[in-house]
Each structure stands twice: as C-alpha cells, then as structure tokens.
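Heads up: the structure comes next, in structure tokens.
The values are calculated or read from the model by the stated rules, or taken from the named source; none is laboratory data. All figures in this text were calculated on a predicted structure; none of them were measured in a lab. We place every Cβ from the backbone using ideal geometry, glycine too, and count neighbours over all the protein chains shown.
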Amino acid sequence: MEITVQWIRTSWTKESRGGEGASRRNAAPVGFALPPAGSTTSAHVIRMHERDGFEPHHDREERGNVDVRLREADGRLRVFPRVQPLFALPPRPRRPPAVRLAPGQWVRWQLNYRFSSAMGLRGWSYWLDTFNIAYGPVGAEVFLSTPTLLVDERGPLR
C-alpha cells in the first residue's frame, strides 16, 4: 500500500517569539501540495526558517531519514514520530500512543522543541516539526485538507 510522507520543519529564534515575527511564523502553512511523485520510499521535506521570512524550501529525502516510525500490519499503518531524549524540551511526561491509519486516512502530528546553543553562548532556538502522513493512494492536494487524525504534541516553550 502507498505511504505518503510530508515533513515540515519550521525554525526560529527569540526574534519570532512575539509581535510581527510570531505573526509571520504562525501564518506558515502546515500542509503543502505534493510535488510530482518521486520514488516510493522518498518523503516530501519542507524547511522554513525565520531568516528567510518563513519562505518554504522544498526537497526530497529518503523516508528513513524522517524521524517517524512507520509499520504496516493487519491492513493498517502504525505511525509514531520519534523524539530523541536530547531534544525532549518542552518536557513530554507522557506521549500519546501511536496511531493506526486505515487505507484512505491521514494524520497530521505536530511536535515542538526548544534548544540552547552549546555552552549557552547564544540564545534559544526553536523548531516545529509537522508530519503529514497518508496511507493509500492520495491526490496532490491531500495535505491541504483537514486530516483524518490530528495529534498535537506541542508544549509550552517559555
């Protein structure tokens, strides 16, 4: 069965924590139309950064490079994004369980992170990872619609 993966990473610094910068960041899309099909094991990757005014930069990567576990079993797709312990800020005392997609369904899963620089010499930086994952054949605009399932694991970033 086809698996379609779109990974959006939005990154910023304290400059976009409030005011006009936060407005631009919050207006960044959480889903994009899919490019023409690549390989069956590739993912559509979009990166947006504050330094570019959150302009999307599109690329393709192997699905194995995307921090999400995918496993097919019993006619369903099990989806569970990985969170590395080093990148566990904000605290995630209890993560939601993996979701199981039936053919024709898709999930949008969001996680955010806060990082300090090495030895704290620079300010904090922030990421928002959005994983849009569909199971089964889909059209190019699938991730522009409302997801079948939404998992919001965003926490307070202080």
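Numbers below:
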{"quantity": "Residues of the stretch 144-153 that turn out to be surrounded by 14 or more Cβ atoms within 10 Å (Cβ to Cβ) and over 14 Å from GLY104 (Cβ atoms), as a count", "calculated": "3"}
{"quantity": "Conditions (1) of a type in the set (A, V, I, L, M, F, W, C); (2) more than 16 Å from the chain's Cα centre (by Cα); (3) outside any loop (DSSP other than H, G, I, E, B): number failed by ILE8", "calculated": "(2)"}
{"quantity": "Tally of residues being out of contact with any Ser or Thr (no Cβ under 7 Å at 6 or more places or on another chain) and either modelled with pLDDT of 80 or more or assigned to a loop (DSSP other than H, G, I, E, B) (or both) across the stretch 110-132", "calculated": "12"}
{"quantity": "Any hit, the stretch 75-94, residues being closer than 20 Å to SER145 by Cα and surrounded by fewer than 17 Cβ atoms within 10 Å (Cβ to Cβ)", "calculated": "no"}
{"quantity": "Residue count for the stretch 33-60, restricted to those that are out of contact with any helix residue (DSSP H, G or I) (no Cβ under 6 Å at 6 or more places or on another chain) and surrounded by 15 or more Cβ atoms within 10 Å (Cβ to Cβ)", "calculated": "8"}
{"quantity": "Failed criterion for ALA37 (all others in (1) farther than 19 Å from PHE143 by Cα; (2) of a type in the set (Gly, Ala, Ser); (3) without any contact (Cβ under 8 Å) to a residue 12 or more places away in the chain hold)", "calculated": "(1)"}
{"quantity": "Identity of the residue in the stretch 133-143, aliphatic (A, V, I, L, M) and in a strand (DSSP E or B), that ends up surrounded by the fewest Cβ atoms within 10 Å (Cβ to Cβ)", "calculated": "ALA134"}
{"quantity": "Odd one out for GLU20, checked against (1) among the acidic types (Asp, Glu); (2) exposed (fewer than 14 other Cβ atoms within 10 Å of the Cβ); (3) in contact (Cβ under 8 Å) with a residue 12 or more places away in the chain", "calculated": "(3)"}
{"quantity": "Contacts under 6 angstrom Cβ, first residue in the stretch 142-158 being of a type in the set (Val, Ile, Thr), partner part of a loop (DSSP other than H, G, I, E, B), 6 or more apart", "calculated": "THR148/GLN105; VAL151/PRO96"}
